[in-house]
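Novice: Got a structure for you, written out below as structure tokens; questions coming shortly.
The values are calculated or read from the model by the stated rules, or taken from the named source; none is laboratory data. This one's a predicted model, so the numbers in the text were calculated from it and none came from an experiment. All Cβ positions, even for glycine, are placed from backbone atoms using ideal geometry, and neighbour counts span all protein chains on display.
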Amino acid sequence: MNKMIRKVKEIQTAEEQKKAQEHRILSNIDNKLTHDKIDKAYSDKIKIFIDPKPKQSNYSNTRMYCFNERNYTKLNQALCEIVNKEEYLKSKNFDVSGLKSFNLNMWLDLLRESNAIEGIFLEESFDFFDFRLKIRELIDTNPDSIEFDRYEYFKKLIAIDKYFTSGKEEVDEKGLLIVFKDKSKHLISPELMRQFLALKFAYKCAKQDIYFDKKGITKTPKQKADELIELSLYVNGLISGNEFTRFRNTFIFVKGANWVPTNDRSIAPNLKALCKTIYDGKLSSKVSPIELSALFHAEFIRIHPFMDGNGRTARILSNYLLIQNELPTISIQHSNRQGYFNAINKAVEEHDLDDLVEIFYKGMQSSSKLILNTLNKVEKMEAKKTKSLDR
């Protein structure tokens, strides 16, 4: 009887969490929409197709994204080498769990480059490694747990942002002077700190998904799609420092683009269709996670669900999808800013993903090389240590 009662309580709790999640998502959509209209919009059959075969015709007038097939052999070899080295170092009691997705150099590079693409050039004077450790002491939590609550973690991160941007730490236009309890000081821009918190949030959520998969805790495609929509709100909120971020409720234009983002009334159904497509299994079984991430990126930018921060949000969410698949994060470089914009415009206007997939592919190659170099250094250190002990 007690077991049955506990089971009923678990079911009730799960249902309450689901209702709370749906309420949070709906409350951030244009207030002009009633719940009935939102439900109807969600039920509309919007499909996003992709053709992983060589292009044979012009798809610009359809919703079908296309790209040429490519050979992933070299990249797969590098990724396998990373896994083998990780396993070896784990056998030597090295904690390398974060190197693949949370690598120090790649992560800082991703944050700075992502801001630079938006014209935000940052000048900081701080030790990123020390800063990350100090922040971790304040907000760290274990995603390898069923108890990890995304909303509670989001609120914790927002509170950290409010504390450091409350006014008393402001120095000048260069950034914030953050002082920790041990008196260590860091001069960092609000934009970089907020993007740090947003990427850390996405990373933790992806790690929980991996933990669930390994524990055999399955989520339905609909649950995963709803979580990705909610994640977009959280990430954009952290980037903007706004706990109550909303989808836009007006038309907007993208500077330098010949296309117009989806109208504000279509944001909810389009985003719902996109996230559903990502997790429905039919697509992910045919294409690589890199191509899936690039598709999401292009369609998210086309929808442009927020008034600001869409590009930075899209780059973090694309990496979230890669981390979910236990792949390295990628950084799109400011030096290739125009090529990146051209690739997005080509994807949106012509539904041709080739150039964007190429950018993601090269980004993965670059990240893999950095990770292998880091692992090789750790491996050499371990070899020296072993040799010294043998003497």
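Novice: Name the residues in segment 257-298 that are touching a residue at least 12 places away in the same chain (Cβ under 8 Å) and either among the β-branched types (Val, Ile, Thr) or at positive phi (or both), would you?
Specialist: THR262, ILE267, THR277, ILE278, GLY281, VAL287, ILE290
Novice: Among the residues of segment 342-362, are any within 25 Å of GLY256 (Cα to Cα), in contact with an Asp or Glu (Cβ under 8 Å, 6 or more places away or on another chain) and β-branched (Val, Ile, Thr)?
Specialist: Checked segment 342-362: at least one residue is within 25 Å of GLY256 (Cα to Cα), in contact with an Asp or Glu (Cβ under 8 Å, 6 or more places away or on another chain) and β-branched (Val, Ile, Thr).
Novice: Could you count how many residues in segment 174-229 are at pLDDT below 85, among the aliphatic types (A, V, I, L, M) and in a helix (DSSP H, G or I)?
Specialist: Number satisfying all stated conditions: 2.
Novice: What are the pairs, 6+ residues apart or on separate chains, where a residue within segment 140-163 that is under 22 Å from LYS219 (Cα atoms) has its Cβ under 7 Å from a residue that is at pLDDT below 90 and exposed (fewer than 13 other Cβ atoms within 10 Å of the Cβ)?
Specialist: Listed by first residue and then by second, the contacts come to PHE148/ASN142.
Novice: If you go through segment 243-281, how many residues are under 22 Å from the mean Cα position of the chain (by Cα) and either assigned to a helix (DSSP H, G or I) or loosely packed, with under 14 Cβ neighbours inside 10 Å (or both)?
Specialist: The qualifying residues number 15.
Novice: How about segment 80-105: which of its residues are among the β-branched types (Val, Ile, Thr) and modelled with pLDDT of 75 or more? Give the derivation first.
Specialist: Of segment 80-105, the ones among the β-branched types (Val, Ile, Thr) are 82-83, 96.
Across segment 80-105, the qualifying residues are ILE82, VAL83.
Novice: Here is a further query. Examine segment 147-154 for a residue that is modelled with pLDDT of 70 or more, under 25 Å from GLU382 (Cα atoms), of a type outside the set (Lys, Arg) and assigned to a loop (DSSP other than H, G, I, E, B), and state whether such a residue exists.
Specialist: For segment 147-154, residues modelled with pLDDT of 70 or more, under 25 Å from GLU382 (Cα atoms), of a type outside the set (Lys, Arg) and assigned to a loop (DSSP other than H, G, I, E, B): absent.
Novice: Within segment 352-391, can you find the residues that are modelled with pLDDT under 85 and either among the hydroxyl-bearing types (Ser, Thr, Tyr) or under 29 Å from CYS66 (Cβ atoms) (or both)?
Specialist: Those that are modelled with pLDDT under 85 and either among the hydroxyl-bearing types (Ser, Thr, Tyr) or under 29 Å from CYS66 (Cβ atoms) (or both): THR374, THR386, SER388.
Novice: Next up: Does ILE252 satisfy the condition of being hydrophobic (A, V, I, L, M, F, W, C) and touching a Gly at 6+ places or on another chain (Cβ under 7 Å)? Lay out the reasoning, then the answer.
Specialist: On the way: hydrophobic (A, V, I, L, M, F, W, C): yes; touching a Gly at 6+ places or on another chain (Cβ under 7 Å): no.
No, not satisfied.
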